[in-house]
Amino acid sequence: MIFTGNFSNLEKYKKAGYVPVSIARYPIKNYFGATYTKLAPSKDMLHMGEVEYRKRYAQILSGLNKSEVLNELSKMGSNIVLICYEKEGEFCHRNLVAEWLSEVTGEIKELGDMKPKKVESNQISCF
């Protein structure tokens, strides 16, 4: 399966058994994990506004073959996390990648900070 996430949670992903794969143009310092630069934005895109960025990134994706990308990513592991810098909920190219690939794979989920979600229950406790 493929997931998305960010560098700030790198160690959590590794401890949980995921295989982080950087799709950033420039991974964080001391990152020695897998990279997949075909999905990285170009250097000049790093300072663009969102509208122009989306247009340019769509051009990058249109030049790639989804089946080939998925095949190459699958060789990196079975539960990979495509990672870059932005926090969960912020605009980021990994969300565009997830949307693009999900047309073939089905939904690609953001792992986020991996904190357990508090489940509210209306059930009365007997203890």
- Hey, among 22, 42, which residue is touching a Cys at 6+ places or on another chain (Cβ under 8 Å), of a type in the set (S, T, N, Q) and surrounded by 12 or more Cβ atoms within 10 Å (Cβ to Cβ)? 22
- Message: When the residues of the stretch 1-19 are narrowed to those that are part of a helix (DSSP H, G or I) and surrounded by 14 or more Cβ atoms within 10 Å (Cβ to Cβ), which ends up farthest from the chain's Cα centre (by Cα)?
- Response: 12
- Item | Breaking point among (1) under 16 Å from the mean Cα position of the chain (by Cα); (2) modelled with pLDDT of 95 or more; (3) closer than 20 Å to residue 20 by Cα, for residue 57 | (3)
- Total residues in the stretch 7-40, condition under 14 Å from residue 84 (Cα atoms), touching a strand residue (DSSP E or B) at 6+ places or on another chain (Cβ under 9 Å) and free of Cβ contacts under 8 Å to residues at least 60 places away in the same chain: 11
- Tell me, yes or no, whether the stretch 110-123 has at least one residue that is surrounded by 10 or more Cβ atoms within 10 Å (Cβ to Cβ), touching a strand residue (DSSP E or B) at 6+ places or on another chain (Cβ under 6 Å) and at pLDDT 90 or above. yes
- Query: Which one of 68, 103, 72 is of a type outside the set (Gly, Ala, Ser), out of contact with any strand residue (DSSP E or B) (no Cβ under 9 Å at 6 or more places or on another chain) and closer than 15 Å to residue 21 by Cβ?
  - Reply: 72
- Task: Could you look through the stretch 66-113, keep only residues that are in a loop (DSSP other than H, G, I, E, B) and aromatic (Phe, Trp, Tyr), and pick out the one that is farthest from the chain's Cα centre (by Cα)?
- Result: 91
- Item | Flag if residue 60 is surrounded by 12 or more Cβ atoms within 10 Å (Cβ to Cβ) and within 22 Å of residue 13 (Cα to Cα) | no
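The values are calculated or read from the model by the stated rules, or taken from the named source; none is laboratory data. Remember, predicted model here, so these are calculated numbers, not experimental data. All Cβ positions, glycine included, derive from the backbone under ideal geometry; neighbour counts span all protein chains shown.
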